[in-house]
1. Is it fair to say residue 119 is open to solvent by 90 Å² or more (accessible area, probe 1.4 Å), under 21 Å from the mean Cα position of the chain (by Cα), of a type outside the set (Val, Ile, Thr) and over 20 Å from residue 49 (Cβ atoms)?
2. Output the number of the condition that residue 139 fails; it satisfies all remaining conditions of (1) surrounded by 10 or more Cβ atoms within 10 Å (Cβ to Cβ); (2) within 18 Å of residue 66 (Cα to Cα).
3. So which residues in the range 102-147 are touching a Phe, Trp or Tyr at 6+ places or on another chain (Cβ under 8 Å) and part of a helix (DSSP H, G or I)?
4. Please go through the range 68-116 and pick out each residue that is within 21 Å of residue 134 (Cβ to Cβ) and either open to solvent by 80 Å² or more (accessible area, probe 1.4 Å) or touching a Cys at 6+ places or on another chain (Cβ under 7 Å) (or both).
5. Suppose the filter is open to solvent by less than 80 Å² (accessible area, probe 1.4 Å), touching a His at 6+ places or on another chain (Cβ under 8 Å) and modelled with pLDDT under 85; does residue 33 pass it?
Amino acid sequence: MKSKTVTAGLIAVLATTTLMSSVVNAEDGSNTSTEQKRMKGDHGPDRKLKSMLHNLDLTDAQKAQVKSLVQASKAAKKENKASDEERQAMKAQIYSLISAPTFDEAKAKELIASQQSKREMGVVNMLKLQNEVYQILTPEQKVKFKENFDKPHRMNKVPHQPTR
């Protein structure tokens, strides 16, 4: 009789735990999904363009032009992207710096300079894209854009999500 009570208690605890974990996972899934969307697609030129064009009421023709410019920019970025071999070579160079018995500061600075030049090229391309998009705006949209540009904005701020 005592073993039946213990077994029933264990089954009750197991069932409760299973139910609670599914509730917790369901809740986490919805929050994670939002975070994943934010982290996955809301960075880089697309996010900057979205914020740049926020509340400007673009015409369909302007939207099509923006889409074309973005696609061309993405294609160019893909062409300039480092190959797997180049990335592996960079990784090997970094590892050799880390694992060397003596640190080679000149080689480290050379690696950093090559990375900075690639980042610089990316920023220049992004600014070029933004300039091209700005040029398709009407004078009224440019005024509104300037007003939005001058407003302080909250980057990297995650909206508060209440816990349940």
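1. For residue 119, the condition - open to solvent by 90 Å² or more (accessible area, probe 1.4 Å), under 21 Å from the mean Cα position of the chain (by Cα), of a type outside the set (Val, Ile, Thr) and over 20 Å from residue 49 (Cβ atoms) - is not met.
2. The one condition residue 139 does not meet is (1).
3. 134, 142, 145
4. 71, 74, 77
5. no
The values are calculated or read from the model by the stated rules, or taken from the named source; none is laboratory data. Note that the structure is a prediction, hence the values are computed from the model and not measured. Quick reminder, even Gly has a Cβ in these numbers, built from the backbone with ideal geometry, and neighbours come from all protein chains shown. Accessible surface is based on the protein model in full, side chains and every heavy atom, while ligands, DNA and RNA are left aside. Shrake-Rupley method; radii C 1.70, N 1.55, O 1.52, S 1.80 Å.
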